[in-house]
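The values are calculated or read from the model by the stated rules, or taken from the named source; none is laboratory data. None of these values were measured; they are calculated from a predicted model. Quick reminder, even Gly has a Cβ in these numbers, built from the backbone with ideal geometry, and neighbours come from all protein chains shown. Calculation scope for accessible area: heavy atoms of the full protein, side chains included, ligands and nucleic acids excluded. Shrake-Rupley method; radii C 1.70, N 1.55, O 1.52, S 1.80 Å.
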Amino acid sequence: MTDFLDPFERMIAALFTPAAVRAAERGEPDDTAWSELAASGFLDALVAEDAGGAGLSFADIVPLWLVLGRHAVPCPVGETMIARALLAQAGRAAPDGPIAIAAQAPGAAGRVIGAALARHLLVEWEGNLYLAALPGEAGATGELAASVRWDSQTATPVGPIVAGGLRRAAAVLRAALIAGAADRLTTMTAGYANERIQFGKPIGKQQALQQQLAVMAEDMVAARIAAHIGGAGSFPPALAAAATAKSVASSAAARVAAIAHAVHGAIGISEEYDLQLYTRRLQAWRLADGSESYWNRLLGAERLAAPSGSVDFVRTGLAPA
């Protein structure tokens, strides 16, 4: 996996600098960045080899998604990976350009992360997938979400999907993005605490602050483990795996963001400081495709409906087949 991960991280770091992320948020995305991504072949990482892709497993993809979160990538790279894989499974050619993903009814307006920079929307409705064109106008800022509607009469039918499959895949993606951003925030916050001098010594020497940094690190690791659990099985993932990944990561996201801002103080919310690029995304990814409350309800219902005990439920629902 290192053969893929290291060059992917180098490419993402070069293409999506903080300045490039800010430009995309202003509605000025760099088209050459997407062209380089497309030429690299990583967008087809989940596509089977016989369909022209890299044939990576779902578990192999999660570390790549952590990289996207670690660099606050503004365009829907992970979403496009999912969309191109599902389109290939259905025997459909993928369109050029970024693809956002959503689960929403036709005609209903919904804010979709990535849609502001996407050209198409892959949407799930009543167990079927549809591909709809988007205007591609970046009108939103921050998380680069856009309010979109799609029409079942004009959208292209793709084919059936396991009920909830697209949202489950999206949930694991969001969990991985959260884990990646939490990783970067933990490093930034610990570094700042060791550099910021107050009363003659670094604030990181204060025991109360050290305890908060420890909580932050624990949440970061928990989100990472949860994301890997979500990607350990099939694609699209099972309900229990997706719910575990998203509920744990979303719960951690709020605490990580809060501690990062508490340690940094006022500088953390300033536009020129990079911290807010990550904490805003943590909050957006936390809510995208269902918050922790949404997935906890589904996970609880799944457990109550299972005839086995909790140990067997965890073993069969979360362990890879």
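Results, tabulated for the structure shown:
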{"item": "Flag for Thr279 being closer than 26 Å to Pro76 by Cβ and loosely packed, with under 15 Cβ neighbours inside 10 Å", "result": "no"}
{"item": "Sole exception among (1) β-branched (Val, Ile, Thr); (2) open to solvent by less than 60 Å² (accessible area, probe 1.4 Å); (3) free of Cβ contacts under 8 Å to residues at least 12 places away in the same chain for Thr32, by number", "result": "(2)"}
{"item": "Near pairs, Cβ below 6 angstrom, 6+ apart or cross-chain, from segment 157-177 (buried (at least 17 other Cβ atoms within 10 Å of the Cβ)) to any residue that is among the β-branched types (Val, Ile, Thr) and part of a helix (DSSP H, G or I)", "result": "Ala169/Ile82; Ala176/Val62"}
{"item": "Test: residue in segment 73-91 that is modelled with pLDDT of 95 or more, open to solvent by 20 Å² or more (accessible area, probe 1.4 Å) and under 12 Å from the mean Cα position of the chain (by Cα)", "result": "no"}
{"item": "The one condition in (1) open to solvent by 20 Å² or more (accessible area, probe 1.4 Å); (2) assigned to a strand (DSSP E or B); (3) not charged (D, E, K, R) that Ala146 fails to fulfil", "result": "(1)"}
{"item": "Any chance Tyr273 is open to solvent by less than 50 Å² (accessible area, probe 1.4 Å) and aromatic (Phe, Trp, Tyr)", "result": "no"}
{"item": "Segments classed as helices (runs of 4 or more DSSP H), wholly inside segment 210-321, with at least 1 members that are under 23 Å from Ala59 (Cβ atoms) and of a type in the set (Phe, Trp, Tyr)", "result": "275-287, 292-305, 310-318"}
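So that you can scan it fast, the table gives a plain yes or no per residue for (1) over 24 Å from Asp274 (Cβ atoms); (2) loosely packed, with under 14 Cβ neighbours inside 10 Å; (3) small (Gly, Ala, Ser):
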residue	(1), (2), (3)
Ala190	no, no, yes
Ala193	no, no, yes
Arg196	no, no, no
Gly200	yes, yes, yes
Asp219	no, no, no
Arg224	no, no, no
